[in-house]
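Peer 1: Structure incoming, see below.
The values are calculated or read from the model by the stated rules, or taken from the named source; none is laboratory data. All values derive from a computational prediction rather than experimental measurement. With ideal geometry, Cβ positions are generated from the backbone for all residues, glycine too; neighbour counts draw on all protein chains shown. To get the accessible areas, we keep the full protein, side chains included, count just its heavy atoms, and leave off ligands, DNA and RNA. Shrake-Rupley method; radii C 1.70, N 1.55, O 1.52, S 1.80 Å.
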There are 2 protein chains.
Amino acid sequence: MQFHHDGYVSGDPRVQPARGTGINRPTEIPDQVDVLIVGSGPAGMLLAAQLSQYPSVTTRIIERRAGRLAVGQADGIQARSVETFQAFGFAERITQEAYRITSTSFWGPRDDDPAKIHRTKRTDDDANGISEFEHLIVNQARVLDYFAEAALQGPGRIEPDFGIEFVAQERDDHPTHPVLVTIRDSGATKEADDAALAAATGLHAEAARLAVNEATAPPTASIPTGGDDRPTRQIRAKYVVGCDGARSNVRRSMGRTLAGDQAFHAWGVMDVLPTTDFPDIRMKCAIQSAAGSILLIPREGGHLVRFYVDLGEVSADDAGKVRTTTVEETAKRANAILSPYTLEVQDVAWYSVYEVGHRLCDRFDDGVDADGTERAPHVFIAGDACHTHSAKAGQGMNVSMQDGLNLGWKLGAVLTGQSPAALLETYSAERQVVAQNLIDYDKTWSSLMAKKSAELADPDEMTRFYVDQAEFLYGFRTTYEPSMITGTGEHQALAAGFPIGKRFKSYPVARVADANFVQLGHQHRADGRWRLYAFADASGEALATFASAAPEVLARFTPEGADVDAVFDVKVVLQQAWQDVDLGEVPPLFLPKVGSLQLTDYEKVYAAIAPRDCLPAAPKMAVGTDFDADIFDAREVSRDGAMVLVRPDQYVATVLPLNAAGDLTSFLDGALQLSR
Amino acid sequence: MQFHHDGYVSGDPRVQPARGTGINRPTEIPDQVDVLIVGSGPAGMLLAAQLSQYPSVTTRIIERRAGRLAVGQADGIQARSVETFQAFGFAERITQEAYRITSTSFWGPRDDDPAKIHRTKRTDDDANGISEFEHLIVNQARVLDYFAEAALQGPGRIEPDFGIEFVAQERDDHPTHPVLVTIRDSGATKEADDAALAAATGLHAEAARLAVNEATAPPTASIPTGGDDRPTRQIRAKYVVGCDGARSNVRRSMGRTLAGDQAFHAWGVMDVLPTTDFPDIRMKCAIQSAAGSILLIPREGGHLVRFYVDLGEVSADDAGKVRTTTVEETAKRANAILSPYTLEVQDVAWYSVYEVGHRLCDRFDDGVDADGTERAPHVFIAGDACHTHSAKAGQGMNVSMQDGLNLGWKLGAVLTGQSPAALLETYSAERQVVAQNLIDYDKTWSSLMAKKSAELADPDEMTRFYVDQAEFLYGFRTTYEPSMITGTGEHQALAAGFPIGKRFKSYPVARVADANFVQLGHQHRADGRWRLYAFADASGEALATFASAAPEVLARFTPEGADVDAVFDVKVVLQQAWQDVDLGEVPPLFLPKVGSLQLTDYEKVYAAIAPRDCLPAAPKMAVGTDFDADIFDAREVSRDGAMVLVRPDQYVATVLPLNAAGDLTSFLDGALQLSR
Ligand SMILES: Cc1cc2nc3c(=O)[nH]c(=O)nc-3n(C[C@H](O)[C@H](O)[C@H](O)COP(=O)(O)OP(=O)(O)OC[C@H]3O[C@@H](n4cnc5c(N)ncnc54)[C@H](O)[C@@H]3O)c2cc1C
Ligand SMILES: Cc1cc2nc3c(=O)[nH]c(=O)nc-3n(C[C@H](O)[C@H](O)[C@H](O)COP(=O)(O)OP(=O)(O)OC[C@H]3O[C@@H](n4cnc5c(N)ncnc54)[C@H](O)[C@@H]3O)c2cc1C
């Protein structure tokens, strides 16, 4: 964490100084905004946190609810999401309070007595060490709390405008703010939120414990509103992002629909405090029995458990009947499945009947008009607004956040003039494919989960699938196709372990100036900057060529008067031991002067190190399994050097030889706009 | 982190539900309090955080300053302090924002040109892997912020009463509250604090950046007050703890003095944002040159650096002259020492002339009256109020916090009736020895530091001393002598790696219920409970004996109606692999029912595991250097089993055989009081 570069600041360094629109931010929504985010779920809150790093941009986020989410919805946090939290500065804290999945148990019918279950297998959750981050379980509400903190503590000081509802939007030809948005007071109050939920679920006396969960209703259901006589207000936005969930009004106002499954499979989802003799109550379990199946997810705090209890196929003429299944019935069925073990529910924290619907929108922006003519997109949808799916693979919240991460910096870059408006077209292009892949995967997984064990091809089918798909499940298989911000890969061989289009996979290195052994990837904060890594050649000749050519190339895209590293954070990774590096010999490119006091930034010079050499001085480091491989070995980086350019969202943009300043220039000419 | 056991709670789990005196805590100080803490430095704030865990105790903490400390004073955080932070729940967070020391550089005069320095050596900071925690540098102000948060978020909801000054106290024979304390409004305002500091230091235009640092003045100097005409108020306390720093009024009112050195050595201490070509500016450095010596401490945030610049011996007739040394003079001297490198100070965050005085009080309580007659202590002093010393070994803040940790649970235990009042006598007995040892050590270190290199016996003298003394420096050498709470060690051989009287040294184990690989010691939170670890024998027979005898023994000291683990948190460590443990076979003692819902606590059953087997599933774990040793091997625990009883302050109380229920009873009879 770097701070004090503009002088000493007292207090929590996570609270960045307010700047631009963050200074005296008005409580009322202005008549014109740059970005209007609709909805404060995971997609919307990530966007808010990201755009808070662009304090010259006026961003507002409206939310129909009266206040923060209190309970319910998603809880599965993939390692990729934790990696993202790290970039926003709260991975350590949320990990501390979350449940960590390390192992999954599989239970099935006993051979001698199929009415009773026994444990058939355990698998390591991350048997292959895919990530240095954990696989966590924690309430979506807490994820949102942390993003809210990041949004508020960023220079833009962004806070949701609660109790405000998006009604409609239309595009016109206003020269700067072409989206005309109608909003109104949502009529929501804390009490009304609670009561609506209690009525909708009818499950729990203490309404305050429950939160409205629209995702449980089919996307076609009507949206309860506070009556149509409430006055509306019109504001203008340059861009609108609909993060308003499965029944998105923004999507509807764009004339788009979710297409996909009509057939549903229903699950009773209950968060309970149980008493049980089932020994794996604190393990993630997939339980198949003659009486049905359960996905059991232990939760944060050591006592709470989530059960996904199979309620069977929903027939076309069900007309919402399955949704009347009570928590008592669900608990009863759970008991039957768990036999010979018993489950006594002491307290229900949240309950919902969840119907699985795999649905997808064919594009995530308004980049074509009603006549099918292409135009610059100004309205986007993200998260459940463009893709819904089973919760079983635990993907929804995670993918929604990655939608936000993909779009946030692009909005920031275009609105600050760093990149051409065409950059925004890559959002739908990149994320729609990801969503399609997710749904394909999710279908396979859900149908496997729903099968009774007798129907499985062989008993190991699910286990194998599960382990094979770990990289996918953890959120690391996303690969963006070549575009203006993703290279084509002629020089991929120079750094085979940093595949172009995939997210930059971290590795331990030694920071030379202070001999701290750190994860290189974790130095990449969600601050909207590009990262350019120069992996040095052994002799340093190619590095010298790079260091003399790069400043001029990069300066063209860096605004006059801004810090030299305002747009590109350039770091070097040297091959020699950190003790052998003479900082006095390192090119000034890697020791830039920053801030109003023009202090030297010493945190850009790294040396390769084998994890073994991090011990015992830094035994706390995340290490891979090969203790002897340094980053050049582990990531297959050429010992003749390479440069790796990484996008602000942590995806590898391109790999080039160190002497390819010309290729770098061409690439950047496509992705950015000249600043001077 | 465990929560939700009384039902689902939304929001930050670090905020514990308010209880007892924490519910509707009055803003005004009541006329009678149980504990009055004077001073909100490290000793006082730790005490406040600890006593917030005893919500039946009325605790107030008064502080003369108008508000929180903003800058200055200590910054060196030993691993033992970070371990303590872990017990209070904020180690991860403070580590994230701190500077981590991994290596120390030694610089000395060049052989060919003694006017110029060169690097003579580097040493690993923790070459022997003494702790899994880091050695940190972070402003004392931030440490206090985190303790303030812990105090406020604990059930007792304790907050400092700022702007209130302790004037005097006297003992009388009031039956319950024998300390009569005079307090008054300190007259402090934020502006006055700043102005007083600016006047005292005269160094920096921006007074707001500076904080009053009384420790820099000799302990005999007069204390500036807001005038004596301010009205006073008298309140009564059962116990008073003077954490009011080097010039403690509480100490003075007890009639005690600090004895020790009269001769001082002066150092100019400056926190600066520099520009320099000195390559080790981000490393901890001990620099000896012909022009003098510097201890250089890089600080949090990547830019700030602290210099301790040697200002030489202070002659007896100096009369404060050395304290007029300006920051410009100090910076000039630093430049001379650093030659051939140069240092340009861009900004001074804080500056002080620090005079080294090794002083110690002969006892830390009022357990003897003016006539030398022994009596039950009711007034205590902690931290700098009882020992002052050079900042060079970076011990002051750390030892002060350990004073607080030693005293806090004792006050809580006596005030809740858990232990007899005699327990409080062990505070002075235990901590006075520690302070004496510290001062002895510190003298050696300071005089070494002050020596010009030519005066050293051999060039490696300091390096060797430094490395040898690492365990001491890190805060782990403290060993309490046998007493009512520390055993005599007949059975020490059963667990040689848990020396009685030293703090329980953690090691990785597998938590059986959720297959989480955790540090056993880190499960010991600062909640005032004793820990009883049953290390199982291979066959489990001795464990069974223990499990059947222990509940009755422990119940005698556990209040009726309280959770069974309210006083003793009993954990088992099994020898077999976690996969081979059948939770159904584990004695109920280790799976207690807790909270209002009587939910099972699954986090007390552990299995030994070799660090190697934690990989890759838990590569993030802190591991020792021997990857194949499980906790029995590493801590030399007998494979025939052992019980290890640990005090609430993490120090090992005693080691016994598993079948020694009788010995356990006798020990507890001495340390605690029967509850039923
Ligand atoms: C029972 C259940 C279990 C789940 N389990 C998992 C899991 O284990 N893992 C996982 O990853 N995902 C899971 N999900 C899915 C997950 O909750 C969603 O994928 C995720 O919340 C989507 O995030 P989002 O930001 O797109 O939308 P949402 O979280 O739905 O947020 C939309 C927000 O927009 C607001 N809004 C809606 N309309 C308007 C309007 N007109 N004006 C203003 N505001 C509006 C809503 O109030 C809401 O706050 C689960 C879902 C359910 C129902
Ligand atoms: C320049 C310098 C550098 C140092 N560097 C280090 C270091 O690197 N490492 C290290 O461990 N230590 C260091 N120390 C020492 C460290 O600051 C002290 O040891 C530590 O602060 C002592 O903590 P304490 O709680 O005992 O007292 P203090 O921190 O002194 O707190 C005493 C508090 O009591 C208040 N108070 C005083 N009188 C009254 C009254 N009558 N009524 C109400 N309130 C009152 C004061 O305002 C103050 O807040 C350094 C000290 C100095 C001056």
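Peer 1: Say whether the condition of being within 11 Å of chain A (Cβ to nearest Cβ), in contact with a Ser or Thr (Cβ under 9 Å, 6 or more places away or on another chain) and surrounded by fewer than 24 Cβ atoms within 10 Å (Cβ to Cβ) is met by at least one residue in the stretch B:497-512.
Peer 2: no
Peer 1: Also: Condition check: closer than 26 Å to B:G154 by Cα and of a type outside the set (D, E). Does B:R64 satisfy that?
Peer 2: Criteria met by B:R64.
Peer 1: Taking the stated definitions as given, is B:V15 within 20 Å of B:A91 (Cα to Cα) and surrounded by fewer than 23 Cβ atoms within 10 Å (Cβ to Cβ)?
Peer 2: Yes.
Listed here are the residues, each with its yes/no results for (1) assigned to a helix (DSSP H, G or I); (2) among the small types (G, A, S).
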position	(1), (2)
B:A510	no, yes
B:S539	no, yes
B:F546	yes, no
B:D563	no, no
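Peer 1: Still on this structure: If B:A349 satisfies every condition in (1) within 14 Å of another protein chain (Cβ to nearest Cβ); (2) of a type outside the set (F, W, Y); (3) surrounded by fewer than 24 Cβ atoms within 10 Å (Cβ to Cβ) but one, which is the exception?
Peer 2: So the condition that B:A349 fails would be (3).
Peer 1: Further question on the same structure: Sort through A:L69, A:L51, A:L47, A:L36 and tell me the only one that's within 13 Å of the chain's Cα centre (by Cα) and touching a residue at least 24 places away in the same chain (Cβ under 8 Å).
Peer 2: The match here is A:L47.
Peer 1: Output yes when any residue across the stretch A:92-99 is hydroxyl-bearing (S, T, Y) and either away from chain B (no Cβ under 11 Å) or more than 23 Å from A:R529 (Cα to Cα) (or both), and no when none is.
Peer 2: yes
Peer 1: Just the residues that are within 7 Å of ligand 1 (Cβ to nearest atom), at pLDDT 95 or above and either within 14 Å of chain B (Cβ to nearest Cβ) or assigned to a loop (DSSP other than H, G, I, E, B) (or both), please, taken from the stretch A:367-406.
Peer 2: Correct list: A:A382 only.
Peer 1: Test B:R256 against the stated conditions and say whether it is within 25 Å of the chain's Cα centre (by Cα) and at pLDDT below 95. Outline the logic, then answer.
Peer 2: Numbers: within 25 Å of the chain's Cα centre (by Cα): yes; at pLDDT below 95: yes.
The answer is yes for B:R256.
Peer 1: Take B:E636 and decide whether it is over 28 Å from B:R477 (Cβ atoms) and modelled with pLDDT of 95 or more.
Peer 2: It is false that B:E636 is over 28 Å from B:R477 (Cβ atoms) and modelled with pLDDT of 95 or more.
Peer 1: Does A:I29 qualify as being part of a strand (DSSP E or B), at pLDDT 95 or above and more than 13 Å from chain B (Cβ to nearest Cβ)?
Peer 2: For A:I29, the condition - part of a strand (DSSP E or B), at pLDDT 95 or above and more than 13 Å from chain B (Cβ to nearest Cβ) - is not met.
Peer 1: Then there's this: When the stretch B:582-593 is examined, which residues are found to be crowded, with 17+ Cβ neighbours inside 10 Å and facing another protein chain (nearest Cβ under 9 Å)?
Peer 2: B:L583 - this is the single residue of the stretch B:582-593 that is crowded, with 17+ Cβ neighbours inside 10 Å and facing another protein chain (nearest Cβ under 9 Å).
Peer 1: For the stretch A:565-576, does any single residue satisfy the condition of being within 14 Å of chain B (Cβ to nearest Cβ) and over 30 Å from A:R431 (Cα atoms)?
Peer 2: The answer is no, given that none of the residues of the stretch A:565-576 is within 14 Å of chain B (Cβ to nearest Cβ) and over 30 Å from A:R431 (Cα atoms).
Peer 1: If we keep just the residues of the stretch B:132-177 that are β-branched (V, I, T) and away from ligand 2 (no atom under 12 Å from the Cβ), which is surrounded by the fewest Cβ atoms within 10 Å (Cβ to Cβ)?
Peer 2: Taking the candidates together, the pick is B:T176.
Peer 1: Which number in (1) in contact with a helix residue (DSSP H, G or I) (Cβ under 6 Å, 6 or more places away or on another chain); (2) at pLDDT 95 or above; (3) of a type in the set (S, T, Y) marks the one condition that B:Y354 misses?
Peer 2: It is condition (2) that B:Y354 fails.
Peer 1: Looking at B:P114, B:P55 in this structure, which one is modelled with pLDDT of 95 or more and of a type outside the set (V, I, T)?
Peer 2: B:P55
Peer 1: List every residue pair whose Cβ atoms lie under 9 Å apart, where the two residues are 6 or more positions apart in sequence or sit on different chains, the first residue falls within the stretch A:84-99 and is more than 22 Å from A:I297 (Cα to Cα), and the second residue, located anywhere, is aromatic (F, W, Y).
Peer 2: Qualifying pairs under 9 Å: A:Q86/A:F133; A:F88/A:Y146; A:F88/A:F147; A:G89/A:Y146; A:F90/A:Y146; A:F90/A:F147.
Peer 1: Being within 14 Å of ligand 1 (Cβ to nearest atom) and open to solvent by 20 Å² or more (accessible area, probe 1.4 Å) is the filter here, so list the residues in the stretch A:259-274 that pass it.
Peer 2: Hits for the stretch A:259-274 are A:F264, A:H265.
Peer 1: Working only within the stretch B:352-366, note down all residues that are within 30 Å of A:S596 (Cβ to Cβ) and either open to solvent by 20 Å² or more (accessible area, probe 1.4 Å) or within 14 Å of chain A (Cβ to nearest Cβ) (or both).
Peer 2: B:Y354
Peer 1: Here is a follow-up. Any idea how many residues of the stretch B:345-404 are β-branched (V, I, T), more than 13 Å from ligand 2 (Cβ to nearest atom) and closer than 24 Å to B:I101 by Cα?
Peer 2: First, pick out the residues of the stretch B:345-404 that are β-branched (V, I, T): B:345, B:348, B:353, B:356, B:368, B:373, B:379, B:381, B:388, B:399.
Those left that are additionally more than 13 Å from ligand 2 (Cβ to nearest atom): B:345, B:348, B:368, B:373, B:379.
Pick out the ones that are also closer than 24 Å to B:I101 by Cα and you get B:345, B:348.
The qualifying residues number 2.
Peer 1: Something else now. Can you confirm whether the stretch A:108-129 contains a residue that is within 13 Å of chain B (Cβ to nearest Cβ), open to solvent by less than 10 Å² (accessible area, probe 1.4 Å) and at positive phi?
Peer 2: No, because not a single residue in the stretch A:108-129 is within 13 Å of chain B (Cβ to nearest Cβ), open to solvent by less than 10 Å² (accessible area, probe 1.4 Å) and at positive phi.
Peer 1: Right, next: In the stretch B:28-77, which residue that is open to solvent by 10 Å² or more (accessible area, probe 1.4 Å) and among the polar types (S, T, N, Q) is farthest from ligand 2 (Cβ to nearest atom)?
Peer 2: Checked the stretch B:28-77; the qualifying residue farthest from ligand 2 (Cβ to nearest atom) is B:S56.
Peer 1: Name the residue that is nearest to B:A495 (Cα to Cα), counting only residues in the stretch B:645-662 that are touching a residue at least 24 places away in the same chain (Cβ under 8 Å) and more than 23 Å from the chain's Cα centre (by Cα).
Peer 2: B:V655
Table: residues versus (1) assigned to a helix (DSSP H, G or I); (2) farther than 29 Å from B:P274 by Cα; (3) within 16 Å of ligand 1 (Cβ to nearest atom).
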| position | (1), (2), (3) |
| --- | --- |
| A:M1 | no, no, no |
| A:Q50 | yes, yes, yes |
| A:L69 | no, yes, yes |
| A:F85 | yes, yes, yes |
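Peer 1: With respect to A:D569, is the statement that it is buried (at least 18 other Cβ atoms within 10 Å of the Cβ), in contact with a strand residue (DSSP E or B) (Cβ under 7 Å, 6 or more places away or on another chain) and in a loop (DSSP other than H, G, I, E, B) true?
Peer 2: no
Peer 1: I've got another one for you. Let me spell it out: the conditions are (1) within 16 Å of ligand 1 (Cβ to nearest atom); (2) within 14 Å of chain B (Cβ to nearest Cβ); (3) of a type outside the set (A, V, I, L, M); (4) in contact (Cβ under 8 Å) with a residue 40 or more places away in the chain, and A:H5 meets all of them except one. Which number is the exception?
Peer 2: Exception for A:H5: condition (1).
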